[in-house]
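A quick write-up on the structure given underneath.
The values are calculated or read from the model by the stated rules, or taken from the named source; none is laboratory data. The model shown is predicted, which means the values in this text are computed figures rather than measured ones. All Cβ positions, even for glycine, are placed from backbone atoms using ideal geometry, and neighbour counts span all protein chains on display. Ligands, DNA and RNA are excluded from the accessible area calculation, which covers all protein heavy atoms including side chains. Shrake-Rupley method; radii C 1.70, N 1.55, O 1.52, S 1.80 Å.
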Amino acid sequence: MKILVCISHVPDTTSKINFTDGDTKFDTNGVQFVINPNDEFGLTRAMWFKEKQGASVDVVNVGGPETEPTLRKALAIGADSAIRVNTEATDGFYVAKQLAHVIQDGGYDLVIAGRESIDYNGGMVPGMIAGLTGANFVNTCIGLEVDGDLATAVREIDGGKETSTAKLPLIVGGQKGLVEESDLRIPNMRGIMMARKKPLTVVEPIDAGQETKSVKFQKPEPKGAVTLVDAENVDQLVSLLHNEAKVI
């Protein structure tokens, strides 16, 4: 079985986020980048298939040279090889087109992607890949077994879980639950040394137009912040509560 795991290069959740150029660009200064958590669950499950069933595992990322340390970490965890599509990941459909091309060119049986990345939280790429490749698709996946060319997947639905079967090739949108958090792997020294010798192939992007563009970013209000409108109504609210308390 040939497996491809899609890896997003995302800011660590503890990073302080800022924007530059009039809030039109993300400021990467001082930001630590990591493997997208949803992708990490998928990578760990792929490693299980490698160890138990002899599967081969590749990882792929759409991004510039700055994303290669994240790919090298995936190689240190145990992936066999890495592919970097040499273009900026700015639009979900554009990214899906690049990944679909890699998938079709590589003849993969199983593709595991995180159901969404923690930076843009678009939640669209896995489904778009399935649509572009014509493969079966299971989203919000929290359990996955493969026997021959048949996969059994468990996914979250409103109020419960759903178990379904599908033939390979299959695209999976994975998340927490695909493996236990305690099963996530930290690269050891041997893995890090071996990762340096594993192939990391850089491919140029296909010609694909971008459907959307980020015009401006805005940070959410600080937790507990009171807006001007709220502040003007505080005295009135206190008075109403005080008078109602007297009536009672």
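When only residues in the range 132-160 that are part of a loop (DSSP other than H, G, I, E, B) and not acidic (Asp, Glu) count, which is surrounded by the fewest Cβ atoms within 10 Å (Cβ to Cβ)?
Ranking the qualifying residues of the range 132-160, first place goes to Gly159.
Considering Asp39, Asp80, Asp58, which residue is touching a residue at least 40 places away in the same chain (Cβ under 8 Å), touching a Leu at 6+ places or on another chain (Cβ under 7 Å) and of a type outside the set (Val, Ile, Thr)?
Asp58
Yes or no: the range 51-66 includes at least one residue that is more than 23 Å from Leu178 (Cα to Cα) and open to solvent by 50 Å² or more (accessible area, probe 1.4 Å).
Yes, there is a match, as at least one residue in the range 51-66 is more than 23 Å from Leu178 (Cα to Cα) and open to solvent by 50 Å² or more (accessible area, probe 1.4 Å).
Scan the range 31-40 and give yes if some residue there is assigned to a strand (DSSP E or B), open to solvent by 10 Å² or more (accessible area, probe 1.4 Å) and either closer than 17 Å to Leu178 by Cα or aromatic (Phe, Trp, Tyr) (or both), otherwise no.
Yes, that holds for at least one residue.
For the range 107-122, give me the residue count where each residue is touching a Lys or Arg at 6+ places or on another chain (Cβ under 7 Å) and open to solvent by 10 Å² or more (accessible area, probe 1.4 Å).
Result for the range 107-122: 3.
In the range 201-236, which residues are in contact with a helix residue (DSSP H, G or I) (Cβ under 9 Å, 6 or more places away or on another chain) and modelled with pLDDT of 70 or more?
Val202, Val203, Pro205, Ile206, Ala208, Gly209, Gln210, Glu211, Thr212
Quick one: Glu145 ticks every box in (1) under 17 Å from the mean Cα position of the chain (by Cα); (2) over 21 Å from Asn36 (Cα atoms) except a single one, so which number is it?
Going through the list (1) under 17 Å from the mean Cα position of the chain (by Cα); (2) over 21 Å from Asn36 (Cα atoms), Glu145 breaks only (1).
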